[in-house]
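The block underneath contains the structure these notes are about, expressed in structure tokens.
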Amino acid sequence: MLTIEHLSTSYKTMDGNVKTINDMNFEIYDNEIFGIAGESGCGKTTLLKTLYDIVQFPLQIDSGKVILSGEKNGKAFSYESGEIPNTWWNHISYVPQAAQSVLNPITRIKHQFLDSIPKNESKGETEEQVLERVKKYLEELSLSPDILEAFPFQLSGGMRQRVIIALATFMSPNVVLADEPTTALDVVVQRGILMLLMKLQKQFKNTLVLVSHDMGVHYQVTNRMGIMYSGSFVEMGKTEDIFETPIHPYTKMLVGALPRVGDKSQKVGIPGRPPALTNPPPGCRFAPRCPNATELCRQEVPTFREIKPGRFAACHNLKEEVD
């Protein structure tokens with residue numbers, strides 16, 4: 001569904017280019033919920049923007065590309081970086097971070113639905129007919145059609161988030177990208193949002209890419225996930241496998257720091273802090289914080305490779321896991 005080939009990106013600054021994504025190669029499959037986790041500043045949002053092809057100054061693609069391909073309504077399609085905006089809403093849609101703030105505050109919700117539908121996808125319908133379809137869809141999502149007459153500021157944060165998700169999924173896109181969809185929401189509303197995303201993915205059998213720094217969210221929702229650190233994936237595999245048998249030292253520390261029911265042991269955070277992207281260390285970028293780092297780790301960048309069937313990791317010290 002999504003193929004990422006040798007993707008590298010950077011931000012242009014007055015002090016030179018700051019590299020954010022480093023030579024990524026991976027695939028996101030059809031009909032799966034794929035999670036992307038990692039500390040703040042590791043490049044999760046930049047990666048999602050590049051997948052959606054929102055590549056605007058100062059962000060730029062230095063090398064590689066993203067390929068969106070699949071089939072919808074019996075017709076095959078394929079788009080590469082630079083072409084993907086031509087199929088926004090239809091084959092791929094995006095729920096941005098702090099999505100509650102992206103709605104036009106002076107436009108009624110109904111007009112924002114109408115504006116999101118390309119004219120060539122309206123099937124010759126009048127605005128009234130399109131709005132009837134929207135109302136039925138909102139009812140399927142347990143949302144009142146009355147919100148179509150409301151302005152965004154008249155809705156709660158959780159309701160605005162549900163409206164954004166409804167907008168993003170109304171045309172049944174093949175891929176939905178969701179960037180921290182539960183940020184700034186209380187626990188009860190967060191659960192409702194996650195249940196809604198899971199319901200829609202199951203209903204449409206599409207692909208959901210979910211970005212969150214909350215490992216608990218990934219454990220509840222995703223089928224497969226990738227762990228990002230300083231612009232690269234350090235581990236990828238089935239979510240249950242990553243939680244049960246983490247391979248990379250960074251993943252082990254993330255999972256080990258999670259609270260567990262009945263576990264009263266003191267949790268230890270990861271020492272140090274992520275490297276500045278303006279001046280990253282040579283070799284493995286996690287080496288300065290890794291208890292197992294060797295001289296090789298500090299000099300040579302490890303290859304992101306398949307360690308076991310379906311399990312990928314980037315680490316020089318994985319002999320035990322391979323055996």
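Results, tabulated for the structure shown:
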| item | result |
| --- | --- |
| Whole-angstrom gap from the stretch 168-231 to the stretch 235-266, using each part's C-alpha centre | 20 |
| Those trypsin sites (Lys or Arg not before Pro) in the stretch 1-104 that DSSP places in a loop and that have at most 12 other beta carbons within 10 Å | none |
| Whole-Å semi-axes of the stretch 179-323's equivalent ellipsoid (Cα gyration tensor) | 29, 18, 16 |
| Convex hull of Cα atoms in the stretch 1-118, direction-averaged projection (nm²) | 9.2 |
| Span from the the stretch 146-167 Cα centroid across to the the stretch 2-17 one, whole angstrom | 34 |
| Extension gain from Ala257 to Phe204, taking 0.36 nm per residue of separation minus the Cα-Cα distance | 15.6 nm |
| Angle in degrees between helix 187-204 and the longest Cα principal axis of the chain, rounded to the nearest 10 | 80 |
| Dipole magnitude of the chain about its Cα centre (Cβ charges: Lys, Arg +1; Asp, Glu -1), debye to nearest 20 | 480 |
| Most mobile of Ser116, Ser265, Ser156 in a GNM of the chain (Cα contacts under 10 Å) | Ser265 |
| Share of alpha-carbon pairs per 10 Å distance bin for the stretch 250-289, given as whole % | 25, 41, 23, 10, 0 |
| Spread of Cα-to-Cα distances over 10 Å intervals beginning at zero, given as percent, for the stretch 155-208 | 25, 58, 17 |
| The chain, helix-only ellipticity at 222 nm - DSSP H runs n ≥ 4, -39,500 (n - 2.57), divided by all residues, nearest 500 | -8000 deg cm²/dmol |
| Of all DSSP beta bridges in the chain, antiparallel share, percent nearest 5 | 65 |
| Over the chain: Kirkwood hydrodynamic radius from C-alpha pairwise inverse distances, Å | 21.1 |
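Values quoted throughout were computed directly from the atomic coordinates according to the rules given, and no laboratory measurement underlies them. Keep in mind that this is a model prediction, so the values were computed, not measured. Virtual Cβ from ideal backbone geometry, glycine too; neighbours counted across all protein chains shown.
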